[in-house]
Amino acid sequence: MNNDSLKVRFRPEVASFPAYRQGAGLKRAGFKLSSNESPWQPLPAILKAVQETDTFNRYANPQLPELRDKLAAKFAVAGDQIQFGAGSVAILYQLIHAVAGPGDNYICAEPSFEAYPLLGLASGAAQFGVPLTADARLNLPAMSRSINANTRAVILCSPNNPTGPVITETEFLEFMAAVPEHVLVVLDEAYAEFVRKADAVDGMKHLAAFPNLVVLRTFAKAQGIAGLRLGYGFADAGIWRAAAATAIPLSVSTVAEVAGIAALSDEAQTQMRGRVQLIVNRREALLDGVRALGFNPPDAQGNFIWLSNVEISRVGPKVFGDPGAKLAESFRQVDILVRHIPGRGVRITVGEAESVDAVLNALKDYLAQHAGEGKDD
Ligand SMILES: *Cc1c(COP(=O)(O)O)cnc(C)c1O
């Protein structure tokens, strides 16, 4: 609530912009399946490293040299091709601010990651959202056709949050061939570790061929340390040199650095891959269960599944207004938090083993409770 005596003048676009909606908290015991987080405590090696860190009276070395060396070796790139940020979202801000100002625009898919439309707010750049295809995939030909003389960047998300499908290698290469070389292409691979589709794009394979390409990864999702805020990006060193002007200095903490180093040990990586495989197995079980209830969800390659409003009202009761809102509310009644994207649908994170049945039971209850209210077909 605003204090009436607040007289600070904000830029009109700032005052009128909707705030980023963080996944809601959970008051009682239940399942928080609203922010695509890991359901496990951080891995033992990460916990130990963080608990033993006693140097955070100091800033981290801004270069994060040890973490940089480890990532450079793991991904076979040069150290100066890597950028760190307090989450990969921070790197996205840095990039959009570096390339797009007033009069410029950048392009994303719609719906895609909720943070994208806000990225240009402070720099004054406009954002264009290009609708997905009917099967909830990025429409890359439409995205490249949307590029105009003022376009400075295109943000691609693979797998797409919130819908789940990946971009294929072929689609990506056709897209890159159609994009002018002065337009920055950001490929956000926040969920790369969960991908099992053989023909999914792997941005790291294409860095050398496309100097205008940035590949973003994060420690938040598969690596399971969302709350420590650590993301990274790969690109031509010239991109990071230019973008240095728009980075928030010293934003990666000493503790995040230590956790990142611990997460990259061979043992932690093996354990992480084991956990990711469990999530993938649960994802497939959840998809099977959801299909058995009559839904036709899009391919899910991240740690989440997607039920669009169209599907929710096709299988379930006809509701006035937003069927996703009604479904999310019925989940909340049984202490399951999911992400409702207004007017679009519901994204459900694949979490604890028990959450799979809990989600399926809640969906069954939703369909049963409203049976006979009239169907949308
Ligand atoms: C969760 C998510 C991120 C955020 O990553 P951080 O490193 O926590 O900032 C970035 N991109 C997409 C598509 C995401 O879903």
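Nothing in this text is a laboratory measurement; each read-out follows from the coordinates by a stated rule. These numbers were taken from a predicted model, which means no experiment stands behind them. Heads up, the Cβs are rebuilt from the backbone with ideal geometry, glycines too, and the neighbour counts pull from every protein chain shown.
Length gained on full extension, residue 5 to residue 320: 109.4 nm, using 0.36 nm per residue less the C-alpha separation. Quick one: net charge of residue 262's neighbours, Cβ under 13 Å, K/R +1, D/E -1? Result for the local shell: -3.
Calculated mean residue ellipticity, 222 nm, the chain: -10500 deg cm²/dmol, from DSSP H runs (n ≥ 4) at -39500 (n - 2.57) each, averaged per residue and rounded to 500. Listed from fewest to most Cβ neighbours within 10 Å, the set 221, 7 follows the order 7, 221.
Could you give the angle, 0 to 90 degrees to the nearest 10, between helix 254-263's Cα long axis and the longest principal axis of the Cα atoms of the chain? Here the helix axis deviates by roughly 70 degrees. Pair-distance distribution P(r) for region 196-343, from all Cα-Cα distances in 5 Å bins starting at 0: 2, 7, 11, 14, 15, 14, 13, 11, 8, 4, 1 percent. Maximal additional length on extending the residue 368-residue 267 stretch stands at 31.7 nm, based on 0.36 nm per residue less the C-alpha distance. Taking amide H positions as modeled 1.01 Å from N, with prolines and chain starts lacking one, the residues under 5 Å from residue 168 and 5 or more places away or on another chain are 201.
Counted by neighbouring Cβ atoms within 10 Å, the residues 306, 240, 40 run from fewest to most as 40, 240, 306.
Between residue 75 and residue 285, the contour length at 0.36 nm per residue exceeds the Cα-Cα span by 72.5 nm.
Sparse packing (at most 12 other Cβ atoms within 10 Å of the Cβ) combined with a DSSP loop state is found for the following trypsin sites (Lys or Arg not before Pro) in region 31-77: 58. For region 145-194 versus region 216-287, the inter-centroid distance based on Cα atoms is 20 Å. Using a cut-off of 20 Å between Cα atoms, the listed pairs 74/221; 197/221; 70/197; 32/326 include 70/197 as exceeding that distance.
Placing R0 at 56 angstrom, the Cβ-Cβ distance between residue 357 and residue 66 gives a FRET efficiency of 0.85 after rounding to 0.05. Take the Cα of residue 15, step 7 Å toward its Cβ, do the same at residue 293, and the gap between the two points is 4.4 nm. For the chain, what is the percent of antiparallel DSSP beta bridges, rounded to the nearest 5? Bridges in the chain are about 45 percent antiparallel. Each of 355, 88 has some number of other Cβ atoms within 10 Å of its Cβ, and from fewest to most they run 355, 88.
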